[in-house]
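Colleague: Following this message is one structure expressed as structure tokens.
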Amino acid sequence: MDVKKVAVIGGGTMGNGIAHVFAMSGIPVNLIETKQEFADRALSTIEKNLDRMVKKEKINEDKKNATLGSITVFLDVSEGVKDVDLVVEAVPENIDIKRSVWEKVDAAAPDHAILGSNTSSISITKLASMTGRPEKFIGMHFFNPVPVMKLVEIVRGLETDDETYKIVEETSKKLNKVPVPVNDAPGFVSNRVLMPMINEAIFCVGEGVATAENVDEVMKLGMAHPMGPLRLADFIGLDVCLDILNVLYEGFKDPKYRPAPLLVKMVDAGKLGNKTGEGFYNYD
Ligand code: CAA
């Protein structure tokens, strides 16, 4: 099956990036949000990121306009998924919100439609069990900023079938991404490796080993990371980092994943990184 139309549910940081790359690859997108103002914000972010690409001469104005023109906004999940071949859900990492979305999608999407989640921490097998088609359920884990990062971690749940995997792998390549298959496990591969590094960087700051700036300098200049782990933690969101570490800690019952006390405190204080204007750095 060729994916000819996709529904992207959620227009936040990840959702608008996912809509951007599908639309730019020529696959029309139904972008589903809960309120018009959220949809408008998503569209204006996509337009801003397309403008950046026009300025860098990666695409021309025609391509920008065609990309924007192939995104249609829906404020109702059932309406937005009824004529698509693939659904990619990028709603907040809250199990109750996800359940409510997946129950609606399962009831309204065509029988042949593949159901993909961009979750970074919730079990794909668990999400799949919220639908009547676990064999068609899969993780499509994109990375921020989606238009730039090449990876899609494709996560197979316990019952995901080979055909679903193949279609999602082919579709990811059409987006000019590199699909990497992994099996369902806490944090998949990406966050199982990334989050302990970020956590250890936070322990270093909390224990007074070095300042946040100096920890980041060590990793940027010594290990050639494009951003230091603390700047990256701010970029991802400290609340998201804490949630993922808790998933690893609870999933493996291994103390090596215990969240750094400083991370917990910062989240308690509402210092969540870029999105709140303050984390390990200030973003005024
Ligand atoms: N849309 C389109 N293009 C964008 C963009 C966006 N949102 N953001 C940046 N770009 C482009 C820029 O135009 C620029 O293009 P050129 O190479 O053609 O000049 C390029 O990306 C680099 O951007 P900048 O020059 O502005 O800035 P930079 O060199 O500092 O790079 C960065 C910014 C790409 C974010 C880089 O710092 C980076 O790769 N950081 C690491 C990001 C990362 O690790 N992301 C994964 C987070 S984990 C996650 O998402 C999943 C999870 O489950 C937690």
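What follows draws every value from the coordinates through simple rules; no lab data is involved. This is a predicted model, so every value here is computed, not measured. Ideal geometry is used to build each Cβ from the backbone, glycine not excepted, and the neighbour counts take in all protein chains shown.
Colleague: So how do 225, 112, 141 line up by other beta-carbon neighbours within 10 Å, fewest first?
Modeller: Working: 225 15, 112 11, 141 24.
Sorted ascending by nearby Cβ count, the order is 112, 225, 141.
Colleague: Go ahead and set up a Gaussian network model of the chain, Cα springs under 10 Å, then flag whichever of 147, 186, 255 fluctuates most.
Modeller: 255
Colleague: Ranking 153, 93, 57 by Cβ neighbours within 10 Å, fewest first, what do you get? Write down the numbers at each step before the final one.
Modeller: Numbers: 153 20, 93 17, 57 7.
Ranked by crowding around the Cβ, least crowded first: 57, 93, 153.
Colleague: Based on the Cβ-Cβ distance from residue 126 to residue 60, what FRET efficiency comes out when R0 is 45 Å, to the nearest 0.05? Could the numbers behind the result be given before it?
Modeller: On the way: r = 44 Å, r/R0 = 0.97.
Step by step, r from the Cβ atoms, then E = 0.55.
Colleague: Which of 22, 188, 38 ends up with the largest GNM mean-square fluctuation for the chain, with Cα atoms connected below 10 Å?
Modeller: With Cα springs under 10 Å in the chain, the top fluctuation among 22, 188, 38 is at 38.
Colleague: Among the DSSP beta bridges whose two residues both lie in the chain, what percent are antiparallel, rounded to the nearest 5? Could you put the intermediate results ahead of the total?
Modeller: Working: 6 of 31 bridges.
If I count the DSSP bridges inside the chain, around 20 percent turn out antiparallel.
Colleague: Sticking with this one: Give me 52, 231 ranked fewest to most by other Cβ atoms within 10 Å of their Cβ, as a rough exposure proxy.
Modeller: On the way: 52 12, 231 23.
Fewest to most other Cβ atoms nearby, the residues stand as 52, 231.
Colleague: Which percent, to the nearest 5, of DSSP beta bridges fully inside segment 77-228 are antiparallel?
Modeller: Around 25 percent of the beta bridges assigned by DSSP in segment 77-228 are antiparallel ones.
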